[in-house]
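Student: This structure is in structure tokens; I'll ask about it shortly.
The values are calculated or read from the model by the stated rules, or taken from the named source; none is laboratory data. The shown structure was predicted, so the numbers you read here are calculated from the model rather than taken from an experiment. Positions of Cβ are generated from backbone atoms using ideal geometry, with glycine treated the same way; all protein chains shown enter the neighbour counts. What goes into the accessible areas is simple: the full protein's heavy atoms, side chains included, and nothing from ligands, DNA or RNA. Shrake-Rupley method; radii C 1.70, N 1.55, O 1.52, S 1.80 Å.
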Amino acid sequence: QWLMMSCVKRIDGAKNLFRARSSVQHSSAKVRYDHMTSHIRITLEPSASAKVDAYIGVRTVAHAAIDGFIMNVSLEKPTSGQCQTKPNVALRTQRLEICLDDVTGPIFLLDSISLNNVTRTATREEVQDYMSKQGNSCCLATDVAVDSDGNALKEIFELCLGPVVATLPPELHLGAAIEDLLLTPKALFAGLNSLKTNYVRPKKMYQLMSIKFSAPFLSIIALRDADPSDPVDRSGRQEELGLCIENLEFGVERNCPPSHTQSQIRSFDEDGSDDIAYGPVIQGGLMTIYIESVFFSLRPLNLALPLAMISNLRWSGYLFLCEVDQSCQVVQGRPVIHRLNH
């Protein structure tokens, strides 16, 4: 991880040197660097294969094999109009195989990955929707992330996976792997932020955002050691339980002012108190889920019929994950013993 951060620091230094040498001097008194467009493209031919070994957290080692890889990173900074707050990223991969620790066989097998993370100007309808929830006190320039012309920006995050198969053998310590996976992004961001010397963090603005995830097929299989006395299965492994999802579509729209979100969460509480504040991090928003079919099997019932099957599952509504703000007067001086999830 620290080697990765050192590499990022050197890349930033090279980019700064390139910008300095390609800048244009407009006067003898002041030097202004022209806004420029940066594009980075990394390609691995479909016929080629790359193998990566990486530590995840402190205990888990991941072994990944990738066939075909294309990544485009662009940062556009025109003199006027849209001004990106972070680079646009487009990622395409073909077959991806992930093994964990010394477990025999792949844990995750994906046929393809398509990721797009871009920033665009919010449409008139999206801006009107936001302002209608904020009321007359709304000021886009001070409430949300905007470009140099004062137009609201919206971040679009789309992740599309091909067929996914996850196989969980009994020797895999899944809980430890999940803990390490959650720890890794926090450690990376903390290390990258520590490299920013003399960095003054700007005021964090509310970012309009749309999140979309889709997968045509998702299968999760948990295995157990087979009973030696069972004459049916001689492979040494048996399927304990299985979950199969076909045509999954998931989306989240974050287009509500923070004050409106606070009011929504308070309305869910039974006491209806206006003295409770939530946050500072509130995850979620207007969530939609569609699943064409879900199959759940449990041994030994899976030998004949699945334990449960659901078709055409649709759900739409607001879902928030948050906790009580520690600075709230209601909780000051006494411990908060639980989180409030809605």
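Student: Can you give the net charge of the other residues whose Cβ lies under 11 Å from the Cβ of ARG95, counting K and R as +1 and D and E as -1? Mind dumping the intermediate values first?
Tutor: Details: positive: none; negative: ASP67, GLU97, ASP111.
That works out to -3.
Student: Could you tell me the calculated FRET efficiency between ASN151 and LEU188, based on Cβ-Cβ distance and R0 = 41 angstrom, to the nearest 0.05?
Tutor: Efficiency, rounded to the nearest 0.05: 0.85.
Student: A follow-up question, please. With a 1.4 Å probe and all protein chains in place, put CYS160, CYS244 in order of accessible area, largest first.
Tutor: CYS160, CYS244
Student: Distance check, please: which entries in LYS154/LYS212; LYS51/LYS86; LYS133/LYS186; LYS51/LYS154; LYS51/LYS212 exceed 25 angstrom between their Cα atoms?
Tutor: Those over the limit are LYS51/LYS86; LYS133/LYS186; LYS51/LYS154; LYS51/LYS212.
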